[in-house]
Amino acid sequence: QVHLVESGGGLVQAGGSRRLSCAASGSIFSINSMGWYRQAPGKQRELVAFTTSGGSTNYADSVKGRFTISRDNAKNAVYLQMNSLKSEDTAVYYCTTEVVDGSNYKLQTYWGQGTQVTVSS
């Protein structure tokens, strides 16, 4: 079993910044990718950004140039630096990771519990 713990959510004014953190722990043999999704009220969960083990990154068009994803492999952690926040960025942000589970060596996807980011205009 792998657990993801997110932190960094909260209330921020439009134009401000926020940094989300997520750390994975548990039975991890290796991590393929880590990323962030978000879900606003009444909307479907959508990809925000992800990074692969090779270091490549991908961003939703809506956050390109404003958000930066980074990863600390030694800590099994991923971060999301969010700048120039807009009211439409208000959502619950979920960390996700695709790992090779150390208990069965199978590829598994895990999700965090989510952290609320509210941008006030």
Tally of residues being open to solvent by less than 30 Å² (accessible area, probe 1.4 Å) and either at pLDDT below 95 or hydrophobic (A, V, I, L, M, F, W, C) (or both) across region 107-121: 2
Extreme residue, nearest to Ala77 (Cα to Cα), among residues of region 10-23 that are more than 11 Å from the chain's Cα centre (by Cα) and crowded, with 17+ Cβ neighbours inside 10 Å: Arg18
Breaking point among (1) surrounded by 14 or more Cβ atoms within 10 Å (Cβ to Cβ); (2) of a type in the set (Gly, Ala, Ser); (3) closer than 17 Å to Thr115 by Cα, for Ser27: (3)
Meets criteria (assigned to a strand (DSSP E or B), more than 20 Å from Ser7 (Cβ to Cβ) and open to solvent by less than 60 Å² (accessible area, probe 1.4 Å)) for Val100: yes
Residues of region 66-110 satisfying the condition of being among the charged types (D, E, K, R) and without any contact (Cβ under 8 Å) to a residue 60 or more places away in the chain: Arg66, Arg71, Asp72, Lys75, Glu88, Asp89, Lys106
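Taking Ala74, is it aliphatic (A, V, I, L, M) and surrounded by 14 or more Cβ atoms within 10 Å (Cβ to Cβ)?
Criteria not met by Ala74.
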Residue identified as modelled with pLDDT of 95 or more and in contact with a helix residue (DSSP H, G or I) (Cβ under 8 Å, 6 or more places away or on another chain) among Ala91, Ala60, Ala24, Ala14: Ala14
Counted residues, region 32-59 - those being open to solvent by less than 20 Å² (accessible area, probe 1.4 Å) and either of a type in the set (A, V, I, L, M) or farther than 15 Å from Ala77 by Cβ (or both): 4
Residues within region 45-70 that are part of a loop (DSSP other than H, G, I, E, B) and more than 16 Å from Thr115 (Cα to Cα), tallied: 11
Condition met for Leu80 (at pLDDT 95 or above, closer than 12 Å to Arg18 by Cβ and in a strand (DSSP E or B)): yes
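The values are calculated or read from the model by the stated rules, or taken from the named source; none is laboratory data. A quick note: this is a predicted structure, and the numbers were derived from the prediction, not measured. Glycine also receives a Cβ, built like all others from the backbone with ideal geometry; neighbour counts cover every protein chain displayed. Keep in mind that these areas ignore ligands, DNA and RNA; they rest on the heavy atoms of the full protein, side chains included. Shrake-Rupley method; radii C 1.70, N 1.55, O 1.52, S 1.80 Å.
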